[in-house]
């Protein structure tokens, strides 16, 4: 059996394992409410979309990514509601704002990709407006998908995690901030033939924006660590692992999909992703949190803000 097929099989097992893990945590946690109807509709939609995809319905393959992630978001939101008694999905204003902010934030990474050329898209709709619709819809699912996944992990198990409070010195904070700035700037100013090797710096550099959020008194992972409460950060890291496998698993079968072309690990791909690339998903989710908080608290009125995995929501 070819190595690529073996690795794809391993990836399928990992993706299914992630799904079963989430489901197990949902149903083993004390129930605060019944599993809502929209969650069952989401599960039915996932099954139907998978069947339609392998039945080679062209429009399903073309729009599979936004469709499947919309269904996933419904299921994840229902899991959160069962655990907490309420779900971010039912808070229409903040939830819609989160989805809308997801689009321009992801476009930041697309802008980096123009120079770094780490991935390309194939099979996307040729018509401009169809491409714009499907792309915007897919990008809008990124924040809700990862934050709802993290909510399941956090409220099911990790909200009560404690650790020794950690208070970095001013010098360490300054050093971390400078390191983050160098990470996001270096790929833009290095020679083109070296830039493609540096996307990993982009996946970690924006985490340093958490220092700004903390200094402004906005929700931050650093504030959690000072309070000895690492649960939010751990849940986000876990969501990065889970969503990373789901992203690549569903992308692999889609008609319109992305392909990675960065010059590292191309001979050991799990789905379309070179295996080392999976290490980037956990810090990417931390970045999504810091970028969302920065944009939401800087741009939105208070009624449209909602800090993901806020301890005060317990």
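The values are calculated or read from the model by the stated rules, or taken from the named source; none is laboratory data. Only a predicted model underlies this, so the values are computations on that prediction, with no experimental measurement involved. We place every Cβ from the backbone using ideal geometry, glycine too, and count neighbours over all the protein chains shown.
Structure notes:
- Flag for residue 45 being touching a helix residue (DSSP H, G or I) at 6+ places or on another chain (Cβ under 6 Å), outside any helix (DSSP H, G or I), modelled with pLDDT of 90 or more and at negative phi: no
- Matching residues, segment 234-263, being part of a loop (DSSP other than H, G, I, E, B) and in contact with a helix residue (DSSP H, G or I) (Cβ under 6 Å, 6 or more places away or on another chain): 254, 255, 256, 262, 263
Here's the yes/no breakdown for (1) farther than 13 Å from residue 139 by Cβ; (2) free of Cβ contacts under 8 Å to residues at least 24 places away in the same chain; (3) assigned to a helix (DSSP H, G or I):
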site	(1), (2), (3)
61	yes, no, yes
77	yes, no, yes
80	yes, no, yes
86	yes, no, no
93	yes, no, yes
105	no, no, yes
108	no, no, yes
121	no, no, no
126	yes, yes, no
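- Residue count for segment 219-248, restricted to those that are closer than 30 Å to residue 66 by Cβ and more than 17 Å from the chain's Cα centre (by Cα): 1
- Among the candidates 222, 211, the residue that is without any contact (Cβ under 8 Å) to a residue 40 or more places away in the chain and either farther than 26 Å from residue 83 by Cβ or part of a helix (DSSP H, G or I) (or both) is uniquely 211.
- Residue match in segment 236-243 (condition: surrounded by fewer than 21 Cβ atoms within 10 Å (Cβ to Cβ), modelled with pLDDT of 90 or more and under 30 Å from residue 16 (Cα atoms)): yes
- Of the residues making up segment 264-292, those that are part of a loop (DSSP other than H, G, I, E, B) and farther than 26 Å from residue 52 by Cβ are 264, 265, 266, 267, 268.
Yes or no, residue by residue, for (1) over 19 Å from residue 104 (Cβ atoms); (2) outside any loop (DSSP other than H, G, I, E, B); (3) out of contact with any helix residue (DSSP H, G or I) (no Cβ under 6 Å at 6 or more places or on another chain):
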{"residue": "133", "(1), (2), (3)": "no, yes, yes"}
{"residue": "136", "(1), (2), (3)": "no, yes, no"}
{"residue": "139", "(1), (2), (3)": "no, yes, no"}
{"residue": "146", "(1), (2), (3)": "no, yes, no"}
{"residue": "155", "(1), (2), (3)": "yes, yes, no"}
{"residue": "167", "(1), (2), (3)": "yes, no, no"}
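- Count of residues meeting criterion [modelled with pLDDT under 85, touching a helix residue (DSSP H, G or I) at 6+ places or on another chain (Cβ under 7 Å) and either surrounded by fewer than 15 Cβ atoms within 10 Å (Cβ to Cβ) or under 13 Å from residue 149 (Cα atoms) (or both)] in segment 13-24: 1
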